[in-house]
Amino acid sequence: MHDAGKAPSRAAVDRVRDAQVDAYRVAGLPRAELTDLARLAAQLAGVPAAAVNLMRAGDQTTVAAYGTGTEVCDREDAMCAAILYDGHPVRVADASADPRWADNPYVTGERNSFRFYCAHQLVTPDGVVFGTLCVFDHVPRDITDEVDDLLGDLAHRVVDLLELRVRTRQLEDAVRDLTETRGQLERSNERLSLFAAQVAHDLKGPLASLSFALGVLDDHDGSVAPEDAWLVARARGSVNRMDGLIGDILRFATVQGGVLVDEVDLADLVREVCVDLALQLQRVEVVMGDLPVVSGDRTQLRLVVQNLVANAARFTRDRGDALVRVSAGHGEDAGRAGRRGWWLEVGDNGPGVPDEDRERVFELMVQGTSSDGLGIGLATARRLVEAHGGTVRIGDSPEGGALLRIEVPAG
């Protein structure tokens, strides 16, 4: 454990530096552009040589150079190692007269015979010193403070270039991941489409048989008691609507499905839902407000309303005074082609939904207490409403039970 305020050890600093240099190398070093910056540095300073160096715990790599070679050397031999932990650049007219470099192999003639030496640290946006931009001459000399400042600006540009390469690599990785995800989604949608087609095919056979049987009953005058004829008529109507729904759900399950916006009469839609849910609503009073015509995909909105009404009926039908209320209205906003936003509420006088469960009940395969469904109704409703750009939330109804409110913005 380090004492508060104590500077990290050099070993710790080296580990951070090594990780930074590795990140730049993995991203790919833009050597041609770095060489251009080294040449510009030498020209600004009026010297024959310049280099861009990356420093690690054990070595220095010259990754770009002008007037000298690119190489790897032990860090203890590198001239820049002496200033690696300094917080400022260095400028020395004659390195052979400076005790820090008098015995350095790049000064003594063993590896080179530099005299003038000026170096600026390369520092990441997070403050990690990871290398240098330096210029050299073989004779003692000096440069002006203005030129020195310009070399500092070039050092910042070296860092910008390396950071840009890292960000570009990250962007490329993100695009590749998104492309892979898109491919997986397309394959998943293709499988979903095939599955939906198979389900539609499997359902249409029994549905056609049922429709035929009902037609035979309807065609034989007197074979159905008058008091039961309405049941046959209702069944045939439900079969026809189910046939249409199968086709529409198949379309929705495909990638090309999406939302087909049209004018939807909510009053007609709710009445249809109540007819199809007649058995579930036998002991439930459904109160409809003044429901408007709204913009949306009729098939999807019908599924939404059917799920919400069925959910409300499920939790109220055991009450002696079971009540489900449906109301709706337009919002104040208007969108493209004058389409207005709208809202719809389905409330009941059942037990309601506790605050801690109001988000959870929208999860797939999650049921409320005393539920007898598969736990997909509200999850499906939310998915369909979100496909319209809208939201669904649960609150408390004036009747004392749950209130499910849909809000769809102007399209």
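How high is the FRET efficiency from residue 40 to residue 176, r the C-beta distance, R0 35 Å, rounded to 0.05?
According to the calculation, E is roughly 0.55.
On a C-alpha basis, how far is the centre of region 389-411 from the centre of region 56-107 in Å? Whole number, if you could?
69
Mind ordering 303-312, 347-356 by average Cβ neighbours within 10 Å, highest first?
Result, highest mean Cβ count within 10 Å first: 303-312, 347-356.
Subtracting the Cα-Cα distance from 0.36 nm times the residue separation, let me have the gained length for residue 203 to residue 355 in nm, one decimal.
Gain in length upon complete extension: 50.8 nm.
Please work out how much length the chain gains when fully extended from residue 317 to residue 238, using 0.36 nm per residue of separation minus the C-alpha to C-alpha distance, in nm with one decimal.
Length gained between residue 317 and residue 238: 26.2 nm.
Going by amide H atoms built from the backbone, whose H comes under 5 Å of the H on residue 324, apart from near neighbours?
285, 286, 287
Contour minus end-to-end for residue 93 and residue 149, with contour as 0.36 nm per residue of separation and end-to-end as the Cα-Cα distance?
That works out to 18.5 nm of additional length.
Given points 7 Å out from each Cα along the Cα-Cβ axis, report the residue 139 to residue 111 separation in nanometres with one decimal.
Computed distance between label sites residue 139 and residue 111 equals 2.6 nm.
Counting other beta carbons within 10 Å of each Cβ, put 406, 394 in order, fewest first.
Going from least to most buried by this count: 394, 406.
Limiting things to C-alpha atoms, what are the Rg and the maximum Cα-Cα separation (Dmax) for region 10-172, in angstroms?
14.9, 49
For labels at residue 280 and residue 13 in the simple 7 Å Cα→Cβ model, what's the distance in nm?
It works out to 7.0 nm between the two label points.
I'm a student and want to see the number: the projected area of the Cα convex hull of region 69-135, averaged over all directions, in nm².
Result: 4.6 nm².
Between residue 160 and residue 59, how high is the FRET efficiency from 1/(1 + (r/R0)^6) when r is the Cβ-Cβ distance and R₀ = 25 Å? Nearest 0.05.
0.55
For region 288-305, just list the computed ³J(HN,Hα) in residue order, Karplus coefficients 6.51, -1.76 and 1.60, θ = phi - 60°, integers in Hz, with x standing in for Gly and Pro.
9, x, 7, 8, x, 8, 10, 9, x, 8, 4, 4, 5, 5, 5, 5, 4, 4
Every read-out reported here was derived from the displayed coordinates using simple, explicitly stated rules and does not represent laboratory data. Just so it is clear, the model here is predicted, and its values are computed rather than measured. Cβ: placed from backbone, ideal geometry, glycine included. Neighbour counts: every protein chain shown.
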